[in-house]
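The structure appears below as structure tokens.
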Amino acid sequence: MFQKMSTFVGVSLCVLTFAGIYAQETKSGISVSKVCLGCICEAASGCNTTLGCDGDVCGPFRITWAYWADAGKLTLNNEAPTNDGAYARCVNDPFCASRAVENYMNKFGQDCNRDGAVNCDDFVRIHRHGGNACSNPLDTKYENVYKVCMQTFG
Ligand SMILES: *[C@@H]1O[C@H](CO)[C@@H](O)[C@H](O)[C@H]1NC(C)=O
């Protein structure tokens, strides 16, 4: 248990560090905090940055091609989005994937849970279900990891 928690905290701090570097560079309308990005990443994969692709999802945020496309087809190192593998190279990279998540929230951000605010509790649902299905509740495991992370770092 202790070891598990240390791993969780260690991995999470790593996430928060990369998310923090990214957060300083963003200039978009809806801002997704570094803690929010880190906790979505935790819920999606334990924020495992070496997972790679599995089926139709890739990277620590488990992003699909369609999500990446909706988020503006960001790429690493200014490569063309039409290049073979451009999608996977972006979303397997924590920085590029974080930018995609923020773009996606700028496109679909809304008050999914109707609590009067547009915040991370909405973003995590949008991330999981997409912008048009975000009134759906999260599955228990996803929600628990997200909540513990937010309580720990939020
Ligand atoms: C991350 O995923 C890889 C590939 O599935 C696995 O081998 C590795 O143990 C995972 N790392 C952590 C910290 O869970």
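Kindly write out, for the range 135-152 in residue order, the coupling ³J(HN,Hα) from the Karplus curve 6.51 cos²θ - 1.76 cosθ + 1.60 (θ = phi - 60°), rounded to whole Hz, with x marking Gly and Pro.
7, 5, x, 7, 5, 4, 5, 4, 5, 5, 4, 4, 5, 4, 4, 5, 5, 6
List the residues whose amide H sits under 5 Å from the amide H of C53, counting only those 5 or more places along or on another chain, with H placed 1.01 Å from N in the peptide plane.
Amide H neighbours of C53, under 5 Å, 5+ apart: G59.
Please give me the summed charge of the neighbours of K147: other residues whose Cβ is under 13 Å from its Cβ, Lys and Arg +1, Asp and Glu -1.
-2
For the range 72-154, state which trypsin sites (Lys or Arg not before Pro) are in a DSSP loop and have at most 11 other beta carbons lying within 10 Å of their beta carbon.
Answer in residue order: R114.
Report the label-to-label distance for A117 and Q151 in nanometres (one decimal), using points 7 Å from each Cα along the Cα→Cβ vector.
1.7
Extension gain C53-W65, at 0.36 nm per residue separation less the Cα-Cα distance, in nm?
The span from C53 to W65 would gain 3.2 nm if fully extended.
Read the figures in this text as sums done on the coordinates, not as results from a lab. Nothing here was measured: the structure is a model prediction, and the numbers come from that model. So basically every Cβ, Gly included, is an ideal-geometry build from the backbone, and we count neighbours across all protein chains shown.
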